[in-house]
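Everything below concerns the one structure shown next.
The values are calculated or read from the model by the stated rules, or taken from the named source; none is laboratory data. Worth saying up front: this structure is predicted, and the values here are computed from it rather than measured. FYI the Cβ positions are ideal-geometry reconstructions off the backbone, even for glycines, and counts take in every protein chain you see. Accessible surface is based on the protein model in full, side chains and every heavy atom, while ligands, DNA and RNA are left aside. Shrake-Rupley method; radii C 1.70, N 1.55, O 1.52, S 1.80 Å.
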Amino acid sequence: MVAMLMTDRLLLRSWREADREPFAELNADPRVMEFMPRLLSREESDDFFDRIQGHFERHGFGLCAAEHRATGSFMGFIGLFVPQFEERFMPAVEIGWRLGYKWWGQGFATEGAREMVRYAFDVIGLDGLVSFTVPANTRSRRVMEKLGMTHDPADDFEHPRLPLGHPLRRHVLYRLAARKTSAA
Ligand SMILES: CC(C)(COP(=O)(O)OP(=O)(O)OC[C@H]1O[C@@H](n2cnc3c(N)ncnc32)[C@H](O)[C@@H]1OP(=O)(O)O)[C@@H](O)C(=O)NCCC(=O)NCCS
């Protein structure tokens, strides 16, 4: 299981039962879920919470709860996930993020994701990471770019979990290869 990661303003930590409620609020917010197929009910959010715990048990890493250090508030998640579908770029490990609306636009996602990239490469020893979203999700794409991820249109794909013709089916794929840095 991932040890707690810390940045100037964030803790990236394992989840607590108390996170279920603010997590459900996040997953029911149309602004946060604009580029997701649908809002999640409390039950669906709890199922996702449980799947995140299962992922940590299976892989030893996962989507970490993001906590605002100054206030102790739960903000959302930043972390790593092994996609559960077949695509040309698989097998791969995805880096992803979802933060409550009030936290947006202050560099939090990039700050946490940078630390997660370091962890993925220097501690887990992954060779590379991918990230993907719908073309219109410019905020998330900007985070990917700020991490140094690159986008080759030849990698774009139709998300196999969404039905043909679904407006969110088209996805852009970003990649980041591990740089061999010293793990000081
Ligand atoms: C994507 C998300 C995590 C970004 O969080 P954040 O903490 O605001 O991200 P950061 O502040 O680190 O970076 C956001 C960047 O997007 C830019 N941005 C914000 N709104 C934008 C817009 N409408 N168009 C283009 N860029 C935009 C910001 O200016 C910033 O870039 P900059 O540092 O060059 O100015 C957050 O918006 C979120 O949770 N969205 C909903 C969930 C989601 O879409 N997750 C990703 C699914 S793949």
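Here is a check on your reading of the model: is Leu126 part of a strand (DSSP E or B), away from the ligand (no atom under 11 Å from the Cβ), at pLDDT 95 or above and on the phi < 0 side of the Ramachandran plot? Against the criterion (part of a strand (DSSP E or B), away from the ligand (no atom under 11 Å from the Cβ), at pLDDT 95 or above and on the phi < 0 side of the Ramachandran plot), Leu126 does not qualify.
Hey, among Val117, Val172, Val134, Val130, which residue is surrounded by 17 or more Cβ atoms within 10 Å (Cβ to Cβ), within 30 Å of Ala28 (Cβ to Cβ) and in contact with a Pro (Cβ under 7 Å, 6 or more places away or on another chain)?
Numbers: Val117 fails: in contact with a Pro (Cβ under 7 Å, 6 or more places away or on another chain); Val134 fails: in contact with a Pro (Cβ under 7 Å, 6 or more places away or on another chain); Val130 fails: in contact with a Pro (Cβ under 7 Å, 6 or more places away or on another chain).
Every option except Val172 fails the conditions.
Of the residues making up the range 93-107, just one is assigned to a strand (DSSP E or B), more than 7 Å from the ligand (Cβ to nearest atom) and open to solvent by less than 30 Å² (accessible area, probe 1.4 Å), namely Ile95. Name the single residue that is most open to solvent (accessible area, probe 1.4 Å) among those in the range 9-27 being over 23 Å from Val117 (Cα atoms), aliphatic (A, V, I, L, M) and more than 13 Å from the ligand (Cβ to nearest atom). For the range 9-27, the residue satisfying everything is Ala18. The residues of the range 147-161 that are out of contact with any strand residue (DSSP E or B) (no Cβ under 7 Å at 6 or more places or on another chain) and not hydrophobic (A, V, I, L, M, F, W, C), listed by number, are Asp152, Pro153, Pro160, Arg161.
Against the test of being without any contact (Cβ under 8 Å) to a residue 24 or more places away in the chain and within 15 Å of the chain's Cα centre (by Cα), the options Arg142, Arg98, Arg175 yield a single qualifying residue, Arg142. A count restricted to the range 12-52 and to residues that are more than 29 Å from Pro135 (Cα to Cα) and among the basic types (Lys, Arg) stands at 3.
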